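These notes concern the structure reproduced below.
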Amino acid sequence: MLPEGTPPEFPTNLLEFQRMFPDEAACLHYLHRLRWPGGFICESCGAVGEPFLVATRPRVVKCRACERESSVTAGTILHGTKTSLLVWFWAAYLVATQTPGISALELQKKLGIPRYETAYLLLHKLRAAMVRPDVDPIGSQWPLEMDVSFVGGKHKGGGPGRTRKVPVIIAVEVRRTEQRDPQTGKVVKRALAGRVRLQQIPNKSAAAIEKFAKECIAPSAVIRTDDGGEFEGLAACGYGHQPLPMLGNRARMDAWLPLVSAVTANLKAWLDGTFHGVGKQHLQAYLNEFMFRFNRRFYRAVSFRTLLGLGSIRLGPTYRSLYDRDWLHRDAPPSDGGCGKTG
Ligand SMILES: [Zn+2]
């Protein structure tokens, strides 16, 4: 019997996950509830009611009225896979919840996947699901901190021209929160990193910065930077540019751009620690993964579903947890840019 009611919640820890998804049938059950939260509705004839189950194909149901078949995995990366749903669910859970991510070898060992290639492909598919085609601009609601940093491969020595590190633009939303101190009763204001955008650029130049801004930042956003020449064109592009001379003073930099400094340190540690340096060729894929993890660090449940492609399934409007900031912005129109200089 197929369940009815609102879509299922997501487990918040490993034990809950284990209880919720003990076997293949439980994963299937979850997919059914996500796909048809109010009970089965035939997409072909609109008939409502319990469908026929197809014994030989557990991922397929058949409408009792028109006999049209529907697949519970249609539109997800699970569609047509020969790997068990349980393995997929575990992989997505591990990838979504482990802060540093997971390597194919580690995944293979943890889940007892017989072939390395299967684990590799599985991770590859999950990573592909991290790239959203509809990335919306940031900075419409909150000011931004922005900086350029050289990250990636290890320095080979032999002078400045020999580095394999590449320039990356990092922009971070500066959100303000107010919390009342329970002891003093005073309201404490603090800055919190919101969403980030990271992009590998060909060189540290004004043209590269303006191109990035046009693609990723909302027109007339307020942007804080150091006084580097590469940022000089931002004001002419219509942004509220706030440059501050750093005078070679690290403490000054950390005070003016604390969030972008923290994100940069995080990114470098993650790249070095998890992947032992990343080449130029694949850097943007890892930047995408970093962004995916960072922007969803408070929404693990959503990232689990996004990874499995379950976000594309129509979900019941009652499911409030999906409507976090990221999802609210999903259909926002892309920025048409605020700068005429880069065309
Ligand atoms: Zn039907």
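Here are some residues: ALA193, ALA235. Which one is surrounded by 13 or more Cβ atoms within 10 Å (Cβ to Cβ) and assigned to a loop (DSSP other than H, G, I, E, B)?
Working: ALA193 fails: assigned to a loop (DSSP other than H, G, I, E, B).
Testing whether each residue is surrounded by 13 or more Cβ atoms within 10 Å (Cβ to Cβ) and assigned to a loop (DSSP other than H, G, I, E, B) leaves just ALA235.
Considering only residues that are charged (D, E, K, R) and closer than 18 Å to ILE209 by Cα, look in segment 129-147 and name the one that is modelled with the lowest pLDDT.
Applying the filter and picking the extreme gives ASP136.
Being surrounded by fewer than 18 Cβ atoms within 10 Å (Cβ to Cβ) and touching a residue at least 24 places away in the same chain (Cβ under 8 Å) is the filter here, so list the residues in segment 98-117 that pass it.
THR99, PRO100, SER103
Taking segment 9-25 as the search range and keeping residues that are without any contact (Cβ under 8 Å) to a residue 60 or more places away in the chain and part of a helix (DSSP H, G or I), which one is nearest to the ligand (Cβ to nearest atom)?
Going through the qualifying residues, I end up with ALA25.
Filter segment 265-308 down to residues that are in contact with a Pro (Cβ under 7 Å, 6 or more places away or on another chain) and either of a type in the set (Val, Ile, Thr) or modelled with pLDDT under 80 (or both), then give me how many there are.
Counting residues in segment 265-308 that are in contact with a Pro (Cβ under 7 Å, 6 or more places away or on another chain) and either of a type in the set (Val, Ile, Thr) or modelled with pLDDT under 80 (or both) gives 2.
Just wondering, is there one or more residues in segment 256-265 that are assigned to a strand (DSSP E or B), of a type in the set (Val, Ile, Thr) and under 14 Å from ILE169 (Cβ atoms)?
Looking for residues that are assigned to a strand (DSSP E or B), of a type in the set (Val, Ile, Thr) and under 14 Å from ILE169 (Cβ atoms), one finds none in segment 256-265, hence no.
Kindly list, by first and then second residue, each pair from a residue in segment 35-48 that is polar (S, T, N, Q) to a residue that is within 13 Å of the ligand (Cβ to nearest atom) and outside any strand (DSSP E or B), limited to pairs with Cβ atoms under 7 Å and residues at least 6 apart or on different chains.
These pairs meet every condition: SER44/CYS63; SER44/CYS66; SER44/ARG68.
Going residue by residue through segment 218-226, is there one that turns out to be closer than 16 Å to VAL148 by Cα and in a loop (DSSP other than H, G, I, E, B)?
no
Here's the yes/no breakdown for (1) at pLDDT 85 or above; (2) of a type in the set (A, V, I, L, M, F, W, C):
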residue: GLY39; (1), (2): yes, no
residue: LEU53; (1), (2): yes, yes
residue: VAL60; (1), (2): yes, yes
residue: CYS66; (1), (2): yes, yes
residue: THR76; (1), (2): no, no
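If you check every pair at least six apart or on different chains, which have Cβ atoms under 6 Å apart with a residue in segment 158-182 that is farther than 26 Å from GLN284 by Cβ first and a residue that is aliphatic (A, V, I, L, M) and at pLDDT 80 or above second?
Once the first residue is farther than 26 Å from GLN284 by Cβ and sits in segment 158-182, its partners that are aliphatic (A, V, I, L, M) and at pLDDT 80 or above give THR177/LEU192; GLU178/VAL187; GLN179/VAL188; ARG180/VAL187; ASP181/VAL188.
Taking segment 148-165, which residues are at pLDDT 90 or above and either assigned to a loop (DSSP other than H, G, I, E, B) or under 17 Å from VAL278 (Cβ atoms) (or both)?
Within segment 148-165, SER149, PHE150 qualify.
The values are calculated or read from the model by the stated rules, or taken from the named source; none is laboratory data. Keep in mind the model is a prediction, meaning the values are calculated, not measured. Glycine gets a Cβ as well: all are built from the backbone with ideal geometry, and neighbour counts include every protein chain shown.
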